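A short worksheet on the structure shown next.
The values are calculated or read from the model by the stated rules, or taken from the named source; none is laboratory data. All of these numbers come straight from a predicted model, not from anything done at the bench. Neighbour counts run over all protein chains shown; Cβ positions are idealised from the backbone, glycine included.
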Amino acid sequence: MVDRVQRAAQGGARRRAGGVDEPRARTVDGRRAGRGDERRAPRQRPVPDTDEARALLAVAFRPAGVTVVLLSALIVVTLVVANSDLTGTFGAIAASWLAIHQVPVTIDGTTLGVLPLIPTAGMVWAVARGCAAVVDPASSRRHALRVIGAAVAGPLVVTAIALAVIADASAVIPLSSPNTLAAFGWVLFVHGLAASIGVTVAMWPTLRAAVPSWVRDAVRPGLRAMAAILGAGALVVTISLVMEWSTVGLLLERGDGVVGTLGLTILSVLYLPNVVLGAAAAVMGGTAQIGDVSVSVFGNVGGSLPPLPLLGAVPDGVAGGAWPALLVIPLLIGVMLGRDCGRRVAGQEALFTVLTAAAGAGVVTAVLGFGSGGRLGAFGAVELNWWAFGLLTFAWLGLAGAVTAVIVAWIRSRGAEDEDEDDAEDEEPHLPGAEEVPAIAAPAVEEPEVPAGAAASRVIEAELVDDTAAPAAPIAPQDTGVEADVVVDAEVEEDVSAEDPDSPADSGETPESDLPRRPATPSD
């Protein structure tokens, strides 16, 4: 027994050594290896074609290239007109590129952090327009992300070159290198925001289906409210310039000639949006501060200002008692927002629409207020208390707009109810018995021809419907036994259903006359 077990074990070992099980093992291993290869195989991503690559390159470098060319021409012309040396031209171009993106620039130890907003707005418009030109509503999400990435990557490359140029030019001209992280952060924010706006506008017909209706309806009222806030600030600045025109004229005379006066005028125009934002912040109840000078509807603090003609519009001294009346402006803007939202949306969604529009306006005003401030050399900080500006905007628009939206929605509902009542009054009242009752009568219809055998059954149906005594059944023209039986059955049913006491069945008479006649036979 032991020998058999040993021989069986040796035979199995020889078979395994001989490779009997190898094909199966190879088959199993091959299947596993094949499945593993399929799982480990990387998924191929679509590669941009030639046209798409060309469009992405244009999005990445066209706005930056045009900006650098314009800056170069402007700086060279300015240096030539001023009879200045062209040694620091490249450093000035690089610093101007950073200044357009609100990156603080330090010149000769003086930090200039308050930068004009008009060049930045122009850059945002150019980038957004370029991105919208290469995207359509049918574009895929991958293509849209590539466009945004290209719009950000190109300016970042130009920023890196500008930082290197400034670091090299700092040895020749009194220009210090800015904070690298701040430089890349501002460029990323400006171009990312612009690219997102352009792509969103281009793909809005496709994206709007995924956006709630109360958010879509809040876009236009929110934009109108923002335009009204900025318009109020511009109106206040215009009135102040007219009232303080003598001071503005004295500041312009410090230009010492046509070139100097023209330079001060251009500089004032560039900084006009900054001053308008400061006036808007004051109108909303906030405070605009320029160094030691602060402006508010509740009181002003005087001090020294930079010799910029536009700043001549800043009122000096303590504000009068009529200044708080300017708070009516944000109240009216909130009422306008609530009216627009109440007309677009009814019910509870009107409140959501108002709050969404107010929140959007608050965020935009806070971002603009933050971008319009900064350090101004020896004069100190220029700021608008951007967080207070945003909160006050949201509060004014949200509260006044919500109340107005509720009132508008209530008026609309009452108007709808009145219209329904008027429509109900115009209709004739439904009174019982006032309607016409159609006469119950059998229509005059020509009877179709039927076989003779079906005549008796038709008489039965007529007698049952009318429930009255019917005349005697017609005599069948043929004397067949089958037809006579049918007629007799009809007479029996008629006698049972009829309730006329004068009928032949009640009088005891034999209805011989109703039987079919036949000729007499000898058996009769």
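Take the residues in region 351-367 that are over 15 Å from A228 (Cα atoms) and hydrophobic (A, V, I, L, M, F, W, C); name whichever of them is surrounded by the fewest Cβ atoms within 10 Å (Cβ to Cβ).
The extreme case among them is V363.
Does L327 count as out of contact with any Asp or Glu (no Cβ under 8 Å at 6 or more places or on another chain) and closer than 23 Å to A218 by Cα?
no
Kindly list the number of the only condition in (1) out of contact with any strand residue (DSSP E or B) (no Cβ under 8 Å at 6 or more places or on another chain); (2) surrounded by 14 or more Cβ atoms within 10 Å (Cβ to Cβ) that fails for L145.
Failed condition: (2).
Look through T106, T159, T87 and report the one residue that is polar (S, T, N, Q) and in contact with a helix residue (DSSP H, G or I) (Cβ under 6 Å, 6 or more places away or on another chain).
T159
Name the pairs whose Cβ atoms lie under 6 Å apart, with the first residue in region 310-324 and at pLDDT below 60, the second part of a loop (DSSP other than H, G, I, E, B), and 6 or more positions between them or separate chains?
V318/G299; V318/N300; A319/G299; A319/N300
Just need a number here: residues in region 324-350 that are under 20 Å from the mean Cα position of the chain (by Cα), buried (at least 21 other Cβ atoms within 10 Å of the Cβ) and part of a helix (DSSP H, G or I).
Residues that pass the stated criteria total 6.
Could you list, in sequence order, all residues of region 213-242 that are exposed (fewer than 13 other Cβ atoms within 10 Å of the Cβ) and either of a type outside the set (G, A, S) or farther than 29 Å from V269 by Cα (or both)?
I239, V242
Conditions (1) at pLDDT 90 or above; (2) among the acidic types (D, E); (3) over 30 Å from A395 (Cβ atoms), marked per residue:
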| position | (1), (2), (3) |
| --- | --- |
| R142 | yes, no, yes |
| G149 | yes, no, yes |
| V152 | yes, no, yes |
| A182 | yes, no, yes |
| F189 | yes, no, no |
| G192 | yes, no, no |
| A202 | yes, no, yes |
| V211 | no, no, no |
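Hey, L235 hits all of (1) assigned by TED's automatic domain parsing to the domain that holds L117; (2) part of a helix (DSSP H, G or I); (3) out of contact with any helix residue (DSSP H, G or I) (no Cβ under 6 Å at 6 or more places or on another chain); (4) not β-branched (V, I, T) but one; which does it fall short on?
Of everything listed in (1) assigned by TED's automatic domain parsing to the domain that holds L117; (2) part of a helix (DSSP H, G or I); (3) out of contact with any helix residue (DSSP H, G or I) (no Cβ under 6 Å at 6 or more places or on another chain); (4) not β-branched (V, I, T), L235 misses just condition (1).
Report, by residue number, each residue of region 97-129 that is surrounded by 18 or more Cβ atoms within 10 Å (Cβ to Cβ), in contact with a Ser or Thr (Cβ under 9 Å, 6 or more places away or on another chain) and of a type in the set (S, T, Y).
Scanning region 97-129 gives a single hit, T106.
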